[in-house]
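Each remark here refers to the structure printed beneath this line.
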Amino acid sequence: SSTLVWLRNDLRIADNPALAAALKNEEPIHAVYVLETDRALRPLGGAAKVWLHESLKALNDALAERGVRLSYREGQSKTVIPEMIREMKAERVYWNRRYDPAGRAHDASLKKGLKADGIAVESFNAALLVEPWDIATKQGTPYGVFTPFWKALRDKLIADPIGRAERHSEIKPPALDFGKPPFWANGILERWAVGEEAAKRVLSGFLDDLLADYPNDRDLPRKRATSEMSPHLRFGEIGPRQIWFAVRHLIASNPSMANAGDKFLSELAWREFSYHLLYHRGDIARHSMQERFDEIEWRSDAKALHAWQKGQTGIPIVDAGMRQLWRTGWMHNRVRMLTASLLTKNLLTDWRKGEQWFWDTLVDADPANNPASWQWVAGSGADAAPYFRIFNPITQGEKFDSRGDYVREWVPELRNLPDKWVHKPWMADVETLDKAELKLGITYPIPIVDLSTSRERALETLKR
Ligand code: FAD
């Protein structure tokens, strides 16, 4: 007999409880990744698929070294998994949990069916610091607000520290061939090193070189100041427990890092909070957490949406962010907020349209973080930014990209503009524009929306 490990968003060897449990059985292990085509499950976006492809290649090599064979299948997992069980003559199936409502329902029904056939099925937690059902308010209800959630999470983990992740090494060589990635994937592949080993390197580099300045610099989009761990976390190439442990360990040996370490872990806790919401609030990619938001008459302006998607809105920091996303599959957090605010507030576009675009273009497109963050910006979320908070992309740009370096990097048309105008080229005089060889409306768009009248329109609509 053998054990089948169904890998999903846990593409790593270290701290992988399903894999660890399989190893304990001391019988052959077979691992499978299924690109699921079940209608009820949200299909992966394009950029995420590129990442997945690379990540599976890296994992395949790592597993092969340990004598575990990884298979790749496409189809409905409710058919593929039983097929694999028959082929492998497996008596056990292990996987790590997922938290989206459709995925959970799917796994529960598969588990029931397999158990009825006499297969032992076990599921584990690889993705979260604490399971969503293991953390609750004093009243026993789920959290709806981030800060008390973070406090409770922190207290819980300090009272009951996470041990160093177990190491596993002993686990035959397969050949995975998914063909070539699409031509547009080059920007992504050049930008990122994918896989568990890369994830570990990124974490230790961040802790050594960047963590100390994280609280001060994390909002500056041009600076390499954040961890850039998000796609690694998204695919489980590294788990949050490993990060938590590494940071705590660092603080213990170097107490001067306590504040910075805590700030960083509190950001990681936003991810936990998003999963808490995903688990307790159901389909947050489809429904506004505050129902009244689903009564808003959103504008439907295909041209404006397209300009936003392609980084052609005429608002420099927004265009810079959208182009960074398109080219690299990632965007800085501050700029994600600004681009999302422009779309949902100034352009009064349904947040779901933005969420879907990000889902398709982000390498870290995450079933919890993406919808939860979009709803946070739109103001429809649980822990909502009040709807009347509308970011001003000019003042935000001047504050967080004061010399315009980020804009110049991604919007080279504006390269020659003096700092003073780089976030608002339409306000510069003709002479300045001429000198900068900028022809507004020709080489770079005039803003597609007037920031102040659209702000008023948004306030009025949302108030109603
Ligand atoms: P760091 O600052 O180094 O943070 C470390 C980790 O903590 C991140 O990798 C992430 O897992 C978590 N984290 C940090 N900030 C947040 C946050 N605000 N919310 C939730 N988790 C956070 N993040 C995703 O992982 N996937 C998404 O699809 C996603 N979509 C977003 C959409 C919008 C509109 C906005 C405003 C934010 C979105 N975020 C998303 C959150 C955040 O922008 C990214 O997690 C962050 O920019 C990733 O960069 P980093 O790894 O360098 O972050």
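The values are calculated or read from the model by the stated rules, or taken from the named source; none is laboratory data. Please read all numbers here as calculations on a predicted model, not as lab measurements. For neighbour counting, all protein chains shown are included, and Cβ atoms are generated from backbone atoms with ideal geometry for every residue, glycine included.
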* State all residues of the stretch 215-233 that are over 19 Å from the mean Cα position of the chain (by Cα) and assigned to a helix (DSSP H, G or I); if no residue qualifies, say none. => PRO215, ASN216, ASP217
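Kindly indicate whether GLU26 is at pLDDT 95 or above and exposed (fewer than 15 other Cβ atoms within 10 Å of the Cβ).
On the way: at pLDDT 95 or above: no; exposed (fewer than 15 other Cβ atoms within 10 Å of the Cβ): yes.
Criteria not met by GLU26.
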* Structure fact -> Among GLY236, GLY311, GLY261, the single one that is over 29 Å from VAL422 (Cβ atoms), modelled with pLDDT of 95 or more and more than 16 Å from the chain's Cα centre (by Cα) is GLY261
* Structure fact -> Taking the stretch 377-395 and the residues there that are surrounded by 23 or more Cβ atoms within 10 Å (Cβ to Cβ) and under 20 Å from PHE273 (Cβ atoms), the one that is nearest to the ligand (Cβ to nearest atom) would be VAL377
* With the condition kept exactly as written, say whether any residue in the stretch 421-439 is within 16 Å of the ligand (Cβ to nearest atom), at pLDDT 95 or above and either over 30 Å from ARG104 (Cβ atoms) or assigned to a loop (DSSP other than H, G, I, E, B) (or both). => no
* **Verdict on GLY329 being assigned by TED's automatic domain parsing to the domain that holds GLU456, more than 11 Å from the ligand (Cβ to nearest atom) and in contact with a Pro (Cβ under 8 Å, 6 or more places away or on another chain)** => no
* Kindly state which strands (runs of 3 or more DSSP E) lie completely within the stretch 35-150 and contain at least 3 residues that are surrounded by fewer than 21 Cβ atoms within 10 Å (Cβ to Cβ) and touching a strand residue (DSSP E or B) at 6+ places or on another chain (Cβ under 9 Å). => 69-75, 120-124
* **Condition met for HIS287 (within 16 Å of the ligand (Cβ to nearest atom) and surrounded by 16 or more Cβ atoms within 10 Å (Cβ to Cβ))** => no
* Asked: Any residue in the stretch 296-306 that is of a type in the set (Val, Ile, Thr) and over 22 Å from ASP213 (Cβ atoms)?
  -> yes
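Being in contact with a Phe, Trp or Tyr (Cβ under 8 Å, 6 or more places away or on another chain) and assigned by TED's automatic domain parsing to the domain that holds ASN333 narrows it down to one residue among PRO412, PRO418, PRO425; which is it? If you could, list the steps in order and put the result at the bottom.
On the way: PRO412 fails: in contact with a Phe, Trp or Tyr (Cβ under 8 Å, 6 or more places away or on another chain); PRO418 fails: in contact with a Phe, Trp or Tyr (Cβ under 8 Å, 6 or more places away or on another chain).
Exactly one residue qualifies, and that residue is PRO425.
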